[in-house]
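Quick notes on the structure that follows.
The values are calculated or read from the model by the stated rules, or taken from the named source; none is laboratory data. Bear in mind the structure is a predicted one, so any value in this text is a computation, not a measurement. All Cβ positions, glycine included, derive from the backbone under ideal geometry; neighbour counts span all protein chains shown. Protein only, heavy atoms only, side chains kept; ligands, DNA and RNA dropped before computing areas. Shrake-Rupley method; radii C 1.70, N 1.55, O 1.52, S 1.80 Å.
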Amino acid sequence: MPDISLTTVVLLCLAALAAGWIDAVVGGGGLLLLPALLLGLPSGTPAAHALGTNKAVAIVGTTGAAVTYARKAPVDVRTAVRIGLAALAGSSGGAFFAAGMSTEVLKPVIMVVLLAVAAFVIFRPAFGTAPATGPATRRRILAAIGLAGLGIGFYDGLVGPGTGTFLVLALTALLHLDLVAASATAKIVNCCTNAGALATFAWQGAVLWQLAVLMAAFNLAGGMFGAHTALKRGSGFVRVVLLTVVFALVANLAWEQWVA
């Protein structure tokens, strides 16, 4: 593990805790966790090490949230696993391309995508608030496997932040789920994307395991608590958190890109 001060380690653990809660409620915890790692790791640390460590931390919290949701939320586990297997393949491929990526290209790309997400949710106030209308058709499931599985899975391996949010939006739109059911399904899919990307990063030696294990404990606690919160408060609460997280992160990334 690189030489990191105790204060930085504590701050990274707190970021992992908050990211776990956010990710379980609405996805997008990586938009807090990855920037924290990029800022906290010593200058000169390869971007792949931040990405790989992020995956090692996130998979623990995501798994905890997925188990919590599966016990109490209406989740079609069979469909979620089928999408997840496609996502695993997509994220493995994306991780191969991530090794040579510069961290400077991440922030502008993430900002643009986040603004598009915010606009979509704002102009569709009823989006994700209605309960699921019944089993999804075969065509919708295939579309979810292609877009939410392979497409978003590839993005998760390549960049990562926002994957959970994008999965929630895609699954809500394609499978006609409410936001709570979509969040629950997204956690199962996200476990697979994290596993595929993590396997690739680990094979490349791009995971700081000692730091990851410590942060993962906090991420797990945040993820399980976040899942309980979403189940208790419902889709309206999830929507408010989604928009709050999106705008806060866009403002933070914009500040770092053009002001700081």
Nearest-10 value in Å² for the accessible area of I152, using the 1.4 Å probe: 20 Å²
Top of L32, L41, L115 by mean-square fluctuation, Gaussian network on the chain, Cα under 10 Å: L115
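For W209 and F123, what is the calculated FRET efficiency with R₀ set at 35 Å and r taken between the beta-carbons, to the nearest 0.05?
Working from the Cβ atoms, E equals 0.20.
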Electrostatic dipole magnitude of the chain [Cβ: Lys, Arg +1; Asp, Glu -1; Cα centre; debye, to 20]: 900 debye
In the chain, lysine pairs with alpha-carbon atoms under 21 angstrom apart (chain gap of 8 or more, or interchain): 5
Using alpha-carbon coordinates, inclination of helix 106-123 to the longest axis of the chain, degrees: 20 degrees
Entry for semi-axes √(5λ) of the Cα gyration tensor in Å (calculated from the structure that is shown) out of (1) 31, 19, 18; (2) 44, 29, 12; (3) 27, 19, 17: (3)
3J(HN,Hα) from dihedral phi, the stretch 81-88, Karplus parametrisation 6.51/-1.76/1.60, rounded to Hz, x for glycine, proline: 5, 4, 5, x, 5, 5, 5, 4
List L214, L175, ordered by accessible area with a 1.4 Å probe, largest first: L214, L175
HN-Hα J in Hz across the stretch 21-37 - Karplus 6.51, -1.76, 1.60, θ = phi - 60°, x for Gly and Pro: 5, 4, 5, 5, 6, 9, x, x, x, x, 5, 9, 5, 5, x, 4, 5
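Roughly how many percent of the accessible protein surface of the chain is carbon and sulfur, given a 1.4 Å probe and a whole-percent answer?
70 percent
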Exposure of C13 as accessible area (Å², to 10), given a probe of 1.4 Å and all protein chains: 10 Å²
Accessible surface ranking that places the most exposed of K232, K72, K187 first, with a 1.4 angstrom probe: K232, K72, K187
Given charges at Cβ of Lys, Arg, Asp, Glu: the chain dipole, positive-most of V109, W258, G149: G149
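Can you give me the accessible area per residue for the stretch 6-259, using a 1.4 Å probe, in Å²?
42 Å²
Order S235, S5, S43, most accessible first, counting only protein heavy atoms with a 1.4 angstrom probe. Working shown, then result.
Values: S235 20, S5 60, S43 125 Å².
So, going from the largest accessible area down, we get S43, S5, S235.
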Modelled FRET efficiency - R0 30 Å, W255 with L11, Cβ distances, 0.05 increments: 0.95
Rounded to the nearest 10 Å², the accessible area of D3 at probe 1.4 Å: 150 Å²
